[in-house]
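Written out below as structure tokens is the structure these notes cover.
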Amino acid sequence: MAKRSLWRLALLLAAGPCAALPVDFGDKVTAALLCRSEWSTDFWHGYFSLHLQKSLRDWGEARWWDGQGAQLGGVTAKEVFTNLPESQALMVGILIEQPVEEVRRIVEQNLLVTFHPVLTVDGTRYMNDSASVMVGLTNQQTKWYCARWNLGNRP
């Protein structure tokens with residue numbers, strides 16, 4: 001028995017360090033995606049930098065990290081993002097490698113929420129009652145996010 005345990009330990013050490021996401025990562029980020037939590041830019045930058053390592057890039061008024069396969073509402077995050085400090089929007093979101101219709105169905109089923117189609121000049125977006133948004137991209141991927149605009153009444 002001891003020989004088997006030593007063998008397992010040797011395999012774990014050979015695999016290198018593991019960066020496991022915290023147990024509550026999915027719940028915390030999903031709540032933010034559904035616009036059901038308060039947050040600050042500093043909080044999310046620190047949280048994602050701690051648990052998802054170094055950011056990938058700054059683009060589109062947001063900082064992006066590798067999603068490390070996090071399961072959020074039943075879908076897998078390819079990347080996660082939050083607003084840059086100078087942005088006028090407070091934003092938390094994810095990029096998913098599935099079409100918006102599929103993501104919408106999975107999230108609605110798993111989280112018991114409803115996303116309604118909203119026609120915009122850029123096409124159809126899906127929004128729930130708490131202002132969470134899903135947008136289908138031209139490459140069959142989906143952005144799911146919550147954005148709140150800074151109207152000067154928050155520190």
By its C-alpha gyration tensor, with a ≥ b ≥ c as the square roots of the eigenvalues, how is the range 22-155 shaped: rounded for a/c under 1.5, else prolate for a/b larger than b/c, else oblate? rounded
Residue 143: which aspartates and glutamates have alpha carbons under 17 Å from its alpha carbon, excluding same-chain residues fewer than 8 sequence positions away? 58, 61, 66, 79, 97, 101, 102, 108, 122
On average, how much accessible surface per residue is there in the range 25-69, in Å², for a 1.4 Å probe, leaving out ligands, DNA and RNA? 52 Å²
Note down the nm distance, to one decimal, between modelled labels 7 Å out along Cα→Cβ at residue 118 and at residue 86. 2.7 nm
Length gained, residue 50-residue 24, 0.36 nm per residue minus C-alpha separation, equals 8.0 nm
Sort 110-123, 23-36, 54-67 by packing, meaning the average of other beta carbons within 10 Å per residue, with the highest value first. 23-36, 54-67, 110-123
Give the relative contact order (percent, whole number) for the range 17-97; include only Cα pairs under 8 Å separated by 6+ residues. 25 percent
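The values are calculated or read from the model by the stated rules, or taken from the named source; none is laboratory data. Everything quoted here is computed from the prediction, not taken from an experiment. Cβ coordinates were reconstructed from backbone atoms using ideal geometry, including for glycine residues, and neighbour counts include every protein chain displayed. Accessible surface is based on the protein model in full, side chains and every heavy atom, while ligands, DNA and RNA are left aside. Shrake-Rupley method; radii C 1.70, N 1.55, O 1.52, S 1.80 Å.
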